[in-house]
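Beneath this line is the structure, given in structure tokens, with notes to follow.
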Amino acid sequence: MRHIRFLPDDTNVDFIGWRYYAFAADGLLLLIALVSIVVQGFNLGIDFQGGVLLETKAAHTLDIGTMRSTINGLGFGQSQLQYFGGGECDKPVNSCVLIRVQPTAAHSGQDIVNTVKAKLGPSYSFRRAEVVGPSVSRELFYDGVKATILAIVLISLYVAVRFEWQFGVGALIATGHDVFVTAGLFSVFHMEFSINSVAALLLLAGYSINDTVVVFDRIRENRRKYKRMALPELINLSTNQIMTRTTLVSFATALTMLPLLFFGGPELFGFSAAILFGIVVGTFSSTYVAAALLLYLPHVGGPRGEDAAVASKA
């Protein structure tokens, strides 16, 4: 049986030869993200700024677009609406809506609760009404940042134990780069940064390290097989061998995110856009950043690595 090949079997891209251009591109992305985060910051959503949370249910299927227009017409701050299900909310389907509203200087949290209840009327039952203060939201934001950093560090420690410490360093830099650049995307385009955004960054960290581990595992296999091969040639060989797998997985994952991007609504737009952007950046960094960094680390990129690259050019 013949297998469909996404790329030719004899692919021979000189990844190591092009690594300086890749480092320059990565450095530019990091610089743009850093400048934007420092100068412009993040457009924090209600989750991280404080606000009002209402769970409402009706006896009929709700039109979330009509409800959004109604809530926005009250003149409050930013609002978010989304369906949620389970239990009584599935009878009928889409009969429960979660409403988040950001308070303003002119309207306190309790004022918003009372106004929304009065506007929607007695046909809606309110199962939960909470007012989240800015201090709690700020703590939630910092907890999200800590969780993301901790996830990257623990992932890198696992790689260091599973392979060698040099591979762990490469994984730490590559995964941290992917997450930081994707976080910069939210800042550059002033996209709302919420709990969904933190979830996207954590998901991206897992996806990025998966690609990186595949590259590292092939390098380790080839080091055992080709004991006398110089590290630059070994990295090129290993990366070319897994190119088809990497591109197919990235392409398939991107296809699953496109419906969310175009039809998921405003609540999921930032999440899906971050994942799509992260897929591209993560695939790029796993190929160029994580693997190429091995050339500059002791014992892996010493006489056998960077010096061999210089000798091969001579």
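The values are calculated or read from the model by the stated rules, or taken from the named source; none is laboratory data. Since this is a predicted model, take the numbers as computed values, not measurements. Counting neighbours? That spans all protein chains shown, and the Cβs are built from the backbone with ideal geometry, glycine included.
Residue-level check: of (1) at pLDDT 85 or above; (2) part of a loop (DSSP other than H, G, I, E, B), residue 29 misses just (2). How many of the residues in segment 9-53 are surrounded by 15 or more Cβ atoms within 10 Å (Cβ to Cβ) and under 30 Å from residue 100 (Cβ atoms)? Adding up the residues that qualify gives 15.
Can you tell me which residue among 109, 41, 77 is closer than 29 Å to residue 184 by Cβ and at pLDDT below 85? Just a single option satisfies the conditions, and that option is 77. Taken as a whole, the condition of being part of a helix (DSSP H, G or I), surrounded by 14 or more Cβ atoms within 10 Å (Cβ to Cβ) and modelled with pLDDT of 85 or more applies to residue 171. Restricting attention to segment 154-165, the residues that are part of a helix (DSSP H, G or I) and either of a type outside the set (A, V, I, L, M) or surrounded by 13 or more Cβ atoms within 10 Å (Cβ to Cβ) (or both) total 8.
Can you confirm whether segment 114-130 contains a residue that is surrounded by 19 or more Cβ atoms within 10 Å (Cβ to Cβ) and of a type in the set (D, E, K, R)? Taking every residue of segment 114-130 in turn, none turns out to be surrounded by 19 or more Cβ atoms within 10 Å (Cβ to Cβ) and of a type in the set (D, E, K, R).
Taking first residues from segment 222-238 that are in a loop (DSSP other than H, G, I, E, B) and partners that are of a type in the set (A, V, I, L, M), the Cβ contacts under 9 Å between residues at least 6 apart in sequence or on separate chains come to 226/234; 226/237; 229/237; 230/308; 230/309; 230/311.
Answer yes or no: is there a residue in segment 182-190 that is part of a helix (DSSP H, G or I), polar (S, T, N, Q) and either under 27 Å from residue 82 (Cβ atoms) or in contact with a strand residue (DSSP E or B) (Cβ under 6 Å, 6 or more places away or on another chain) (or both). Yes, because at least one residue in segment 182-190 is part of a helix (DSSP H, G or I), polar (S, T, N, Q) and either under 27 Å from residue 82 (Cβ atoms) or in contact with a strand residue (DSSP E or B) (Cβ under 6 Å, 6 or more places away or on another chain) (or both). Looking at residue 41, is it within 27 Å of the chain's Cα centre (by Cα) and in a loop (DSSP other than H, G, I, E, B)? Yes: the conditions hold for residue 41.
Would you pick out the residues in segment 133-157 that are closer than 13 Å to residue 48 by Cβ and not aromatic (Phe, Trp, Tyr)? Within segment 133-157, 133, 134, 135, 136, 137, 138, 139, 140, 143, 144, 145 meet the criteria.
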